[in-house]
C-alpha cells in the first residue's frame with residue numbers, strides 16, 4: 001500500500017469513528033418559550049435529539065418518507081461508502097468497487113444534512129421565543145463529513161500499488 005493510501009486509510013477510519021457519536025449524540029436542542037407577564041418565563045416545548053432519534057421520531061409521527069431519507073443519506077450511505085473505501089484499499093483489482101464509491105459519493109447527502117442542521121439552528125436563533133443549541137453530535141457528524149471527504153480525495157483508486 002502506498003503512502004497516500006495509508007493516510008487515506010487513517011482518515012477513513014477516523015471518519016468512521018466520528019460517525020457513531022455523530023449519529024447517537026444530540027445534534028440540535030430546541031427550547032420554545034416566552035416571558036409572560038405575572039407568570040415569568042414559561043417553556044412550551046423542549047427537545048434534544050440525535051440523528052437516529054430524529055429518524056425514530058419522524059417515523060413515529062407518520063413522516064416515514066422523510067425518516068427514510070435521513071436514515072438512508074445520513075446512516076446507510078456513509079456506512080456503505082466507508083466499507084467500500086476500505087475494500088478498495090485492501091482488495092486487489094477493485095476498479096468496479098472504486099466506480100461504485102464514486103457513484104454513491106455523488107449521492108452522499110451527509111454534508112448537505114450538516115448544512116441543513118446549521119441553517120435550522122440559525123433560523124431558530126432568529127426568533128427570541130426559541131432557543132437553539134447545537135449539540136456535540138453536530139460536531140462529530142461534521143468531523144465525519146470532513147474526514148470522509150478528505151479520505152476519498154487522498155485514496156488512490158488505481159488498485160493496490162506498492163509505494
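Derivation of every value follows stated rules applied to the coordinates shown; laboratory data play no part. Quick caveat, the model's predicted, so the values are computed rather than measured. With ideal geometry, Cβ positions are generated from the backbone for all residues, glycine too; neighbour counts draw on all protein chains shown.
Given springs between every Cα pair under 10 Å in a Gaussian network model of the chain, which of 37, 78, 21 has the largest fluctuation? Evaluated over the chain, the most mobile residue of the options is 37.
Run the numbers for residue 3 and residue 31: contour at 0.36 nm per residue of separation, minus the present Cα-Cα distance, in nm.
Taking 0.36 nm per residue and subtracting the Cα distance, the gain is 5.3 nm.
By the count of other C-beta atoms within 10 Å, a proxy for reagent exposure, 81, 92 are ordered fewest to most as 92, 81.
In the chain, the longest principal axis of the Cα atoms and the axis of helix 77-90 are about 20 degrees apart.
Segment 1-36 and segment 44-68 have Cα centres spaced 19 Å apart. When the Gaussian network model of the chain links Cα atoms closer than 10 Å, the mean-square fluctuations of 151, 14, 35 top out at 35.
What shape does segment 1-72 take by its C-alpha gyration tensor, where a ≥ b ≥ c are the square roots of the eigenvalues and a/c under 1.5 counts as rounded, a/b above b/c as prolate, and the rest as oblate? Oblate, since a/c reaches 1.5 and b/c is not below a/b. Build a GNM of the chain with springs between Cα atoms under 10 Å apart, and of 27, 70, 130 the one that fluctuates most is 130.
Between the labelled values (1) 41, 20, 14; (2) 22, 19, 17; (3) 40, 15, 11, the entry that holds semi-axes √(5λ) of the Cα gyration tensor in Å as derived from this structure is (3).
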